[in-house]
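Structure, as structure tokens:
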Amino acid sequence: MDINSSRIDRLIELSEKNSDPATFSWPETLPVDVLWCDEDLMTTYGTESHKTLDFSQKCLLSKWEAINFFSLNVHGIKEALKFVADCIYEPRYDCVSQYMHTFIAEENEHMEYFAKFCIRYAGKIYETPSFSVKKDHPRLQQELYMFASTLIFEEFVDFYNHKVGKNSVVPGIVRDINYSHHIDETRHVSFGREVVRGLFKEIADDEETVKKVSSQIKSTISYFVGLMYNHNSYMDADVVKHCGFSSSFAMRNALRNSESRKEMHQIWFRRTINFFHQNGMIDDKRFLLSGLTD
Ligand SMILES: [Fe+2]
Ligand SMILES: [Fe+2]
């Protein structure tokens with residue numbers, strides 16, 4: 001695979017410098033009278049529903065949406081670990097197998113602290129639909145989609161981690177976990193981009209394949225946008241009836257298809273979309289403004 005091996009060596013070096021396990025101080029309980037994320041990261045932000053919420057309702061919803069984000073991490077990491085462990089000794093990945101060991105070790109640590117947080121402060125990890133890509137594509141295309149979906153997932157959660165990791169108001173443990181994860185994910189995103197570029201170069205030899213890749217990448221991004229909206233968060237924060245919805249599913253569907261959320265989706269995924277567009281892997285930079293494709 002054609003990749004920049006000095007960049008991979010540099011990532012290994014950076015990981016070695018950061019190899020001490022993250023240590024957090026875990027309070028018994030966390031306050032629910034403060035926001036657990038930046039207000040503009042909440043899925044109600046910009047909608048009529050958001051205007052009707054008072055501050056204490058926003059705090060509670062931000063807590064349950066943090067549990068959603070951390071639960072998404074637990075499930076996303078499980079899928080990434082399975083996939084990376086599966087291909088670590090394939091000859092094609094010789095050039096990155098050393099880094100894959102580092103990736104697995106770091107993700108194992110992330111999964112542990114995300115799961116611990118959810119269980120300690122919410123008593124549960126939300127279930128999430130499977131992240132796997134259908135297995136009916138040619139082998140290399142399949143592997144490109146798996147690496148691309150891992151990359152899109154990591155960039156998706158990093159937008160949240162990066163902002164909350166700098167937020168001085170959220171509970172300390174929330175800030176520390178988001179910050180620590182952001183630091184590690186910066187390296188993973190760099191690795192993922194190298195591999196995705198390398199695999200795409202190998203298969204992008206006809207127009208039809210390029211079109212298929214574009215359609216798959218766009219639907220993967222739409223899929224992750226949809227996962228921000230978990231009906232259980234609205235139910236657990238007890239805001240469904242208050243916002244005028246007959247069920248938590250109705251609230252989820254209305255919010256994720258709301259006109260006023262489209263621009264936020266575009267902002268959230270701008271960096272990711274630019275990467276795929278600059279490398280010829282998607283044909284349209286503003287597809288999220290037309291709505292989700294599910
Ligand atoms: Fe991670
Ligand atoms: Fe990662």
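The values are calculated or read from the model by the stated rules, or taken from the named source; none is laboratory data. Remember, predicted model here, so these are calculated numbers, not experimental data. Note: ideal-geometry Cβ built from the backbone for every residue, glycine included; neighbour counts use all protein chains shown.
Taken over region 10-33, the residue count meeting the criterion of being out of contact with any Phe, Trp or Tyr (no Cβ under 9 Å at 6 or more places or on another chain) and part of a helix (DSSP H, G or I) is 5. Screening residue 209 on (1) β-branched (Val, Ile, Thr); (2) more than 26 Å from residue 76 (Cα to Cα); (3) at pLDDT 95 or above shows it passes everything except condition (3). Does any residue of region 164-171 turn out to be within 16 Å of ligand 2 (Cβ to nearest atom), at negative phi and in contact with a Cys (Cβ under 9 Å, 6 or more places away or on another chain)? No: zero hits. For the structure I just gave you, tell me whether residue 63 is of a type in the set (Lys, Arg), closer than 21 Å to residue 240 by Cα and crowded, with 17+ Cβ neighbours inside 10 Å. Yes. When region 40-99 is filtered for residues that are aromatic (Phe, Trp, Tyr), away from ligand 1 (no atom under 16 Å from the Cβ), in contact (Cβ under 8 Å) with a residue 12 or more places away in the chain and under 30 Å from residue 143 (Cβ atoms), only 93 remains. Is it the case that region 52-64 has a residue that's part of a loop (DSSP other than H, G, I, E, B), closer than 24 Å to residue 225 by Cβ, modelled with pLDDT of 95 or more and of a type in the set (Phe, Trp, Tyr)? Among the residues of region 52-64, not one is part of a loop (DSSP other than H, G, I, E, B), closer than 24 Å to residue 225 by Cβ, modelled with pLDDT of 95 or more and of a type in the set (Phe, Trp, Tyr), which makes the answer no. Which ones in region 134-145 are buried (at least 21 other Cβ atoms within 10 Å of the Cβ) and either more than 22 Å from residue 72 (Cβ to Cβ) or within 16 Å of ligand 1 (Cβ to nearest atom) (or both)? The answer is 143, 144. Among the helices (runs of 4 or more DSSP H) confined to region 145-242, the ones with at least 2 residues that are within 16 Å of the chain's Cα centre (by Cα) are located at 172-203, 207-227. When restricted to residues that are among the charged types (D, E, K, R) and either assigned to a loop (DSSP other than H, G, I, E, B) or closer than 13 Å to residue 99 by Cβ (or both), region 34-45 contains 1.
Selection of region 249-287 for residues being over 22 Å from residue 68 (Cα atoms), of a type outside the set (Asp, Glu) and in contact (Cβ under 8 Å) with a residue 40 or more places away in the chain yields 271, 273, 275, 276, 279, 280, 281, 282, 287. Filtering region 160-208 to residues that are away from ligand 1 (no atom under 16 Å from the Cβ), β-branched (Val, Ile, Thr) and surrounded by fewer than 22 Cβ atoms within 10 Å (Cβ to Cβ) leaves 169, 173, 203. Cβ-Cβ contacts under 6 Å between residues 6 or more apart (or on different chains), taken from a first residue in region 151-163 that is under 21 Å from residue 63 (Cβ atoms) to a second residue that is not in a helix (DSSP H, G or I), are listed as 163/38.
Looking only at residues that are within 24 Å of the chain's Cα centre (by Cα) and acidic (Asp, Glu) in region 21-58, which one is surrounded by the fewest Cβ atoms within 10 Å (Cβ to Cβ)? Looking at residues that are within 24 Å of the chain's Cα centre (by Cα) and acidic (Asp, Glu), I get 40.
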